[in-house]
Each structure stands twice: as structure tokens, then as C-alpha cells.
Amino acid sequence: MDLSYIYLFFDGVITLAGVLLVVTGFLCGAEMLKWWGSAYFIGAAGLGVFVAGRLGSPVLAHGLAPGILLMAYGVMWLGVRRLAGRSGSVPLALLPGLAWLVAGAVLPFAATPWLYLVAQAPLTLLMLVLLLVEILRMAVPAAARYPLAAVLVAHGVFVLVRAAALLAHGDPAALRFWLVVSAGEGIAFVFCDALCASHLVRMLRERLLDSAAHTDFLTGVLNRRGFTLQAERRLRVSPCMLLVLDIDGFKRINDTLGHAEGDRLLRELGKICLESVRAADVVGRLGGDEFAILIDGGTAETAAAVASRIRQAFAQTLTPHGLAVAVSIGIDGAKPGNTLDDLLRQADMRLYRAKDSTPRIRRLALGTG
């Protein structure tokens, strides 16, 4: 079969894949799929230029076409960065393709046409490595990242093997063989790549939805359900300390200064709690102005130090009338056989004792606003 027909079929496959990805991207609001589909369209344009170049223009087939294909990888890289919430420069993404256009103007492709597949390999591998780095850095489960990473690695291995084989046996027959094989590998790559990219987007969206379902919208800490799930999981594997805290006189703040000021103080307290603990600890809002912190593997001294940091930091927060605010904190440690409910009940009792011991002058001062 004529090589042009094989590549026209390849061109049709990649165009169809691009249409499906772009449509899916618009339907589900996934920006990465839009970029990924656009990259396929650019790749289809590069294949079209390659087919046209085989009709009698080596400059198109060996110079312009590979440059366009390299730009497609750059657009895929942009899509991954956008999905991960990072910015990306379009000129930077297109730079390898533009660099190839310069190289293609000086390399002796007319005398050795197989050389362009060898010379193109380093730039292609560079783009694949950049894609891999972005994908492996994403905060999604391994089951979402690794399939797409494996597809890119397999594609990179093929590019490397092809270049090595042509360096060892570069002749017209070898070039034709590798072009035919490249079309087959390209079709398999496009199919697997589109499937894995869609899977990655779906898994990331599910993770974001799950996070939103377990996060308190006002303060950014876990809501009661999210805190309960994570805290119960931690209690099963390690000893923990629990802090329960609330804002002294919070109802008076709402009644006197308004709910907007109360919400601001809740956000500030949530921020202080997160900044006062380690990443392994669990912070949640149980409801109203009541927060809970589970210190993973902590001791009574650790919990007391955390409580002290929170009190001191929150005491620096002033209301519009210049009134000082404070928190009361109850602390309890897990004992063998304790459940989360047991810990919360004991910590609540200690919290109320802490409130009873609060100097009355501070509690009355709030009501004078």
C-alpha cells in the first residue's frame, strides 16, 4: 500500500480523536481536553503537510511537518499545566517546533531523508519528559497518573528505538519500514493517550468533588463529615490528641457586630488552626464556632503547645471596635478503646471547664460594644 494512503488514514484517526476530545472538553468543562484535542488537530495538520510533501517537496515532508508535530506536543504540555492549575507560556510551548524549523533548513535531508527522524528524536523526547514531569506532579491518585505516564513512556521508548535503528541502518528501505511502523504506533498512541487523558480528567474532577463535599465552604477546613472520616481513620492506626475550641462570646459578636464580622472571625480562626499544626494533623469545623483538631501521634505537651499558639495568634485579631477576642480550648487524649465520640465528649467537657475559668472581665468586655 502506498505510504500516503497509510498516513491519510492516520490523519483521519487523529482528527477524529481531536474532535471527540474537544467536544468532551466543552461538554464537561475540562480545559485540558480542549487543549489536548487542539494538539491533535495540530498533529493532523502536520501529517497533512507530510503527505503533501511526499508528492514532491522534501522541505514540507522533512522540514515543516516534524516542526508542526513538535508544536502539538507543546500544546499537550500546556493542557496538562492548565489542568494542574499552573500557568504556561504558549510561545515556550511552541519553541521546540520553531527550533526544528531552523534545524530543518540546514540539515541535509535531501541526501539522507531518514536523518530527520533521528534528529527529531531529542526534541520529541524532551517534550515527552516535560509532559511526564507535569503528570507525575499532579495531586491525583496514582491510578489516574500512571496509565497516561506509561503511554508517554512507551511512546518515548519507540521514538528512541526508531532513532537508534535508523542510525545503525539508514537507507530508503529502512526509512519506509519505520514510517509504516510509526503510523501504526501513532494510531495506537493516539487511542491510548486520549483514553488515559480522559481518565485522568475524570479522576481529578471526582477528587475535587469529593474534596468539596468534605470541606467547610466558609473556613476552608474540613466540615464535620470530612473531619469525622479522617479522624476515625487516624485513631485506628496511631495514638492521637484532640483539641476542641470555640470563640468566647461568639453569639454576642454576631448580635453586636453582625454576622459578617462573625464570619470573618471564623475564617481567621480556621486559618490560624491550619497554620498551627502539621500537614498530618486533621482540622475541622464541627458547626457554628466550634472547631476540632486531631493531632496525629501527639502527646499532651504537643497539644498544649498547639493550643498556646492558637490562643496567642487569635488574641491578635481585633474587631472593628478594637475589642479583643479569645478562644477556649479543651484537650483530651485517646485511650485504648476510645472512639472519636468518646474523645469529643471528654474534650467538650474540658472546653466548658476552660470557659468557666475564663476571667469574667474579658467576657463582659465584649458586651460593652
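The values are calculated or read from the model by the stated rules, or taken from the named source; none is laboratory data. A quick note: this is a predicted structure, and the numbers were derived from the prediction, not measured. Surface areas here come from the heavy atoms of the whole protein model, side chains and all, with no ligands, DNA or RNA. Shrake-Rupley method; radii C 1.70, N 1.55, O 1.52, S 1.80 Å.
Our summary gives the chain a relative contact order of 12 percent, counting only alpha carbon pairs under 8 angstrom and 6 or more residues apart. Based on alpha-carbon atoms, the Kirkwood radius and the radius of gyration of the stretch 201-308 give Rg/Rh equal to 1.02. Under a 5 Å amide H cut-off, with hydrogens placed 1.01 Å from N, residue 240 pairs with 297, 334 among residues at least 5 apart or on other chains.
Considering helices alone, the calculated mean residue ellipticity of the chain at 222 nm is -23500 deg cm²/dmol, with DSSP H runs of length four and up weighted by -39500 (n - 2.57) and normalised per residue.
Per residue, the stretch 156-310 exposes 48 Å² of solvent-accessible protein surface, assessed with a 1.4 angstrom probe and all protein chains in place. A 1.4 Å probe, protein heavy atoms only, puts the accessible area of residue 240 near 0 Å². The eigenvalues of the Cα gyration tensor, multiplied by 5 and square-rooted, give the chain an equivalent ellipsoid with semi-axes of 62, 20, 17 Å from largest to smallest. Relative contact order, whole percent, for the stretch 42-116 stands at 31, derived from Cα pairs under 8 Å and 6 or more residues apart.
In order along the stretch 168-177, the Karplus-derived 3J(HN,Hα) couplings, from 6.51 cos²θ - 1.76 cosθ + 1.60 at θ = phi - 60°, round to 6, 9, x, 8, x, 5, 5, 4, 4, 4 Hz, and Gly and Pro are given as x. Taking the 1.4 Å solvent-accessible surface of the chain as the whole, the part contributed by carbon and sulfur is 65%.
For the stretch 32-176, the alpha carbon positions stretch 48, 28, 21 Å along the principal axes, listed from largest to smallest. Counting every alpha-carbon pair across the stretch 1-100, the share separated by more than 20 Å comes to 41%. On a C-alpha basis, how far is the centre of the stretch 269-322 from the centre of the stretch 198-221 in Å? Whole number, if you could? A separation of 24 Å, based on Cα centres.
Subtracting the Cα-Cα distance of residue 233 and residue 142 from 0.36 nm times their residue separation leaves 30.7 nm of extension gain.
Helix 3-28 axis versus longest C-alpha principal axis of the chain: approximately 20°, rounded to the nearest ten. Taking Cα atoms only, the orientation of helix 65-83 departs from the longest principal axis of the chain by about 10 degrees. Of the listed residues 102, 80, 49, the order by accessible area with a 1.4 Å probe, largest first, is 102, 49, 80. For the chain, find the longest principal axis of its Cα atoms and tell me its angle to the long axis of helix 115-137, 0 to 90°, nearest 10. Value to nearest ten degrees: 10.
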